[in-house]
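The values are calculated or read from the model by the stated rules, or taken from the named source; none is laboratory data. Just so we're clear, the structure is a prediction, and the values are computed from it rather than from any experiment. In this analysis, Cβ positions are derived from the backbone assuming ideal geometry, glycine residues included, and neighbour counts consider all displayed protein chains. SASA here: full protein model, heavy atoms, side chains in, ligands and nucleic acids out. Shrake-Rupley method; radii C 1.70, N 1.55, O 1.52, S 1.80 Å.
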Amino acid sequence: MSALEKSMHLGRLPSRPPLPGSGGSQSGAKMRMGPGRKRDFSPVSWSQYFESMEDVEVENETGKDTFRVYKSGSEGPVLLLLHGGGHSALSWAVFTAAIISRVQCRIVALDLRGHGETKVKNSEDLSAETMAKDVGNVVEAMYGDLPPPIMLIGHSMGGAIAVHTASSNLVPSLLGLCMIDVVEGTAMDALNSMQNFLRGRPKTFKSLENAIEWSVKSGQIRNLESARVSMVGQVKQCEGITSPEGSKSIVEGIIEEEEEDEEGSESVNKRKKEDDMEGLSSETQNFLFFLQTKKDHPYTWRIELAKTEKYWDGWFRGLSNLFLSCPIPKLLLLAGVDRLDKDLTIGQMQGKFQMQVLPQCGHAVHEDAPDKVAEAVATFLIRHRFAEPIGGFQCVFPGC
């Protein structure tokens with residue numbers, strides 16, 4: 001079993017209490033509550049972490065696509081942040097606050113196509129080539145022909161897209177590249193069990209609070225502070241239900257409620273309406289099922305990751321060699337050293353990239369330990385003289 005597969009299986013268990021220093025100082029304080037203290041699972045606005053939000057329009061053959069970005073900072077290099085599959089730019093919220101306080105930089109966190117608040121003509125095309133072009137197009141739309149120095153940082157799927165973007169020279173001012181917990185070997189091994197993992201997740205939630213609570217208690221996000229802002233970008237209000245399962249019993253419940261509202265109605269009328277419902281099309285029954293489901297479980301996932309399976313191989317196959325071939329300074333952050341595959345192990349021994357392992361984290365490393373990730377990225381930026389430290393930040397150079 002690969003390390004990523006272990007992470008998925010462990011993710012179904014309740015998360016362990018965070019260790020001191022394993023996350024942001026604010027999040028640590030919130031997680032370590034006294035006995036009997038109720039944890040706050042209410043959602044938090046993006047504006048508490050980012051300075052501004054913008055919808056960037058990109059022209060293409062079929063018209064205009066709109067990409068949502070969240071921004072902070074006014075000077076220094078741009079850190080262009082790409083989230084993992086199913087997540088959104090909001091997964092970088094707590095990290096953004098942490099990195100901005102350490103080095104002089106600008107943050108641009110992007111909702112990739114099919115995710116978050118980004119609106120594109122073809123949201124089902126999640127090929128590595130298309131999403132890499134999206135990144136280049138957004139940079140061009142934002143900065144024109146003279147973009148500032150940019151470092152690409154991506155988590156999981158976003159890390160793969162960052163590498164494809166860099167290897168295709170789609171960002172002309174690229175100065176650095178960072179992948180977070182994505183390695184070709186373990187990713188390819190984990191794909192076999194990914195569908196089972198996705199089937200094990202709830203399909204709907206009663207509220208945003210319910211979704212946030214699930215994400216923390218299941219271990220998908222081990223940092224409550226991050227979950228409260230991140231899950232807002234992962235779920236949405238239900239728009240429709242395609243499965244007819246359970247429609248009959250719920251439709252009957254709707255009929256009973258209607259009959260109770262009509263004074264003086266007779267049982268014969270009730271039976272007649274039930275008989276009439278039996279003759280309705282499945283589409284109509286699905287709609288009535290949707291109305292009741294929306295009332296009881298109004299939130300669902302923004303993207304059905306199971307339907308993107310045909311693109312998974314293209315995201316990760318050949319990723320290690322692509323990463324190693326990028327002629328820029330590179331950083332690899334992992335939740336465990338056992339995630340390294342053969343090509344990256346050799347490359348790391350040859351000094352082709354900087355690597356740092358951040359233990360006590362789940363797969364969402366930048367959410368679970370935003371301060372540690374910010375420290376690693378800030379040290380990388382200062383080491384290569386890409387950015388200046390602020391607030392008295394002291395670099396701690398890793399041994400690997």
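Is region 62-72 home to any residue that is surrounded by 13 or more Cβ atoms within 10 Å (Cβ to Cβ), in contact with a helix residue (DSSP H, G or I) (Cβ under 6 Å, 6 or more places away or on another chain) and not in a strand (DSSP E or B)? Working first, answer last.
Let us first name the residues in region 62-72 that are surrounded by 13 or more Cβ atoms within 10 Å (Cβ to Cβ), namely 65-72.
Those still in the list that are in contact with a helix residue (DSSP H, G or I) (Cβ under 6 Å, 6 or more places away or on another chain) too: 67, 70, 72.
From what is left, the residues that are not in a strand (DSSP E or B) are none.
No.
Looking at residue 145, is it open to solvent by 50 Å² or more (accessible area, probe 1.4 Å), at pLDDT below 95 and over 21 Å from the mean Cα position of the chain (by Cα)? So residue 145 fits the description; yes. You will find that of 192, 286, 223, the residue that is at pLDDT 55 or above and surrounded by fewer than 15 Cβ atoms within 10 Å (Cβ to Cβ) is 192 and no other.
A quick yes/no check of all residues on (1) without any contact (Cβ under 8 Å) to a residue 60 or more places away in the chain; (2) under 30 Å from residue 344 (Cβ atoms):
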{"site": "178", "(1), (2)": "no, yes"}
{"site": "205", "(1), (2)": "no, no"}
{"site": "214", "(1), (2)": "yes, no"}
{"site": "233", "(1), (2)": "no, yes"}
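If you go through region 148-189 and keep only what is open to solvent by 10 Å² or more (accessible area, probe 1.4 Å) and in contact with a Pro (Cβ under 6 Å, 6 or more places away or on another chain), you end up with 149, 173, 175.
Residues that are out of contact with any Ser or Thr (no Cβ under 6 Å at 6 or more places or on another chain), of a type in the set (Asp, Glu) and open to solvent by 60 Å² or more (accessible area, probe 1.4 Å) are absent from region 350-368 altogether.
For region 97-107, the criterion of being closer than 24 Å to residue 211 by Cβ, open to solvent by 10 Å² or more (accessible area, probe 1.4 Å) and in a helix (DSSP H, G or I) is met by at least one residue.
Within region 345-359, is there a residue that is free of Cβ contacts under 8 Å to residues at least 40 places away in the same chain and under 29 Å from residue 234 (Cβ atoms)?
Taking region 345-359 as the starting set, the residues that turn out to be free of Cβ contacts under 8 Å to residues at least 40 places away in the same chain are 345-347, 349-353, 358-359.
Narrowing further to those that are under 29 Å from residue 234 (Cβ atoms): 358-359.
Taking every residue of region 345-359 in turn, at least one turns out to be free of Cβ contacts under 8 Å to residues at least 40 places away in the same chain and under 29 Å from residue 234 (Cβ atoms).
Looking at region 304-323, which of its residues are among the aliphatic types (A, V, I, L, M) and open to solvent by less than 30 Å² (accessible area, probe 1.4 Å)? If you could, list the steps in order and put the result at the bottom.
Keep residues of region 304-323 that are among the aliphatic types (A, V, I, L, M), which gives 305-306, 319, 322.
If the condition is that a residue be among the aliphatic types (A, V, I, L, M) and open to solvent by less than 30 Å² (accessible area, probe 1.4 Å), then 305, 319 are the ones that fit.
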